[in-house]
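What follows is one structure encoded as structure tokens, with my remarks underneath.
The values are calculated or read from the model by the stated rules, or taken from the named source; none is laboratory data. Predicted model, so just to flag it, every value in this text is computed and none were measured. Methodologically, a virtual Cβ is constructed for each residue, glycine included, from the backbone with ideal geometry; neighbour enumeration extends over all protein chains shown. Quick note on the areas: whole protein, heavy atoms, side chains included, nothing else; ligands and nucleic acids left out. Shrake-Rupley method; radii C 1.70, N 1.55, O 1.52, S 1.80 Å.
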Amino acid sequence: MLTKPLQKILLVEDDSFLSNIYQTKFTKEGYQVVVAGDGEEALKAVKIKKPDIILLDVLLPKLDGFAVLEKLKKDPETKDIPVILLTNLGQRDDVERGLALGAVDYLIKAHFKPSETVAKVKKILDRATI
């Protein structure tokens with residue numbers, strides 16, 4: 001019986017506490033999780049690890065999430081990887097900017113439990129594999 005390889009999530013989060021919570025949750029759900037702590041590290045990790053989906057914080061050291069998203073969407077190699085912005089920036093302008101830059105979803109951390117975030121990721125990945 002062939003088992004399909006684990007789907008890979010790149011989690012870009014500079015808060016190690018939150019990063020560990022999400023990492024644990026996704027690992028328990030059967031995903032492979034790669035973590036990057038800043039924007040530059042995220043861009044390198046995407047090239048090397050080739051994730052199936054990216055969870056991207058906006059407020060990051062070195063390069064913010066909007067800049068990372070812009071670079072990902074301009075690069076032919078990475079433009080088709082779905083990106084969910086996972087942030088505490090909840091202003092309408094920020095949400096609109098993130099979606100306009102190509103994010104498939106915009107989740108405000110304070111409004112979503114990690115389990116709800118997992119459900120969103122599952123739904124997006126299921127759509128991508130059909």
message: Give me the 1.4 Å probe accessible area per residue for the chain, excluding ligands and nucleic acids, in Å².
response: 57 Å²
task: Show the residues, 5+ positions off or on another chain, whose built amide H is closer than 5 Å to the amide H of residue 11.
output: 34, 35, 36, 55
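What size of dipole, in debye to the nearest 20, comes out for region 44-130 about its Cα centre when the only charges are +1 on Lys and Arg C-beta atoms and -1 on Asp and Glu C-beta atoms?
Details: 17 positive and 13 negative charges, 54 e Å.
It works out to roughly 260 debye.
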message: In whole percent, and with a 1.4 Å probe on the protein chains, what portion of the accessible area of region 3-130 is carbon and sulfur?
response: 53 percent
task: Run the quick spin-label model on residue 115 and residue 91: label points 7 Å from Cα toward the beta carbon, then report their separation in nm to one decimal.
output: 3.4 nm
message: Relative contact order of region 79-129, please, whole-number percent, based on alpha carbon pairs below 8 angstrom and at least 6 residues apart.
response: 37 percent
Residue-averaged [θ]222 nm for the chain, counting only DSSP H segments that reach four residues, each worth -39500 (n - 2.57): -13500 deg cm²/dmol
- line: Comparing 79, 71, 62 in a Gaussian network model of the chain (Cα, 10 Å), the one with the largest mean-square fluctuation is 62
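Less than 13 Å Cβ to Cβ from residue 100, Lys/Arg counted +1 and Asp/Glu -1: what total charge do the surrounding residues give?
On the way: positive: 73, 92, 97; negative: 70, 93, 94, 96.
That sum, taken over residues with Cβ under 13 Å, equals -1.
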- request: Compute the distribution of all C-alpha to C-alpha distances in the chain, in bins of 10 Å from 0, and list the percent of pairs in each, rounded to whole numbers.
  value: 13, 49, 33, 4, 1
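Note down the Stokes-Einstein diffusion coefficient of region 64-130 in µm²/s, whole number, using a Kirkwood radius over alpha carbon pairs, 10 °C, and 1.306 mPa s.
On the way: Rh = 12.5 Å.
For the chosen part, D equals 127 µm²/s.
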- prompt: When the chain is fully extended, how far beyond the present Cα-Cα distance does residue 122 get from residue 70, taking 0.36 nm per residue of separation?
  reply: 16.4 nm
field: Table column - 3J(HN,Hα) (Hz), region 104-109, Karplus curve with 6.51, -1.76, 1.60, x for Gly and Pro
entry: 7, 7, 9, 10, 8, 3
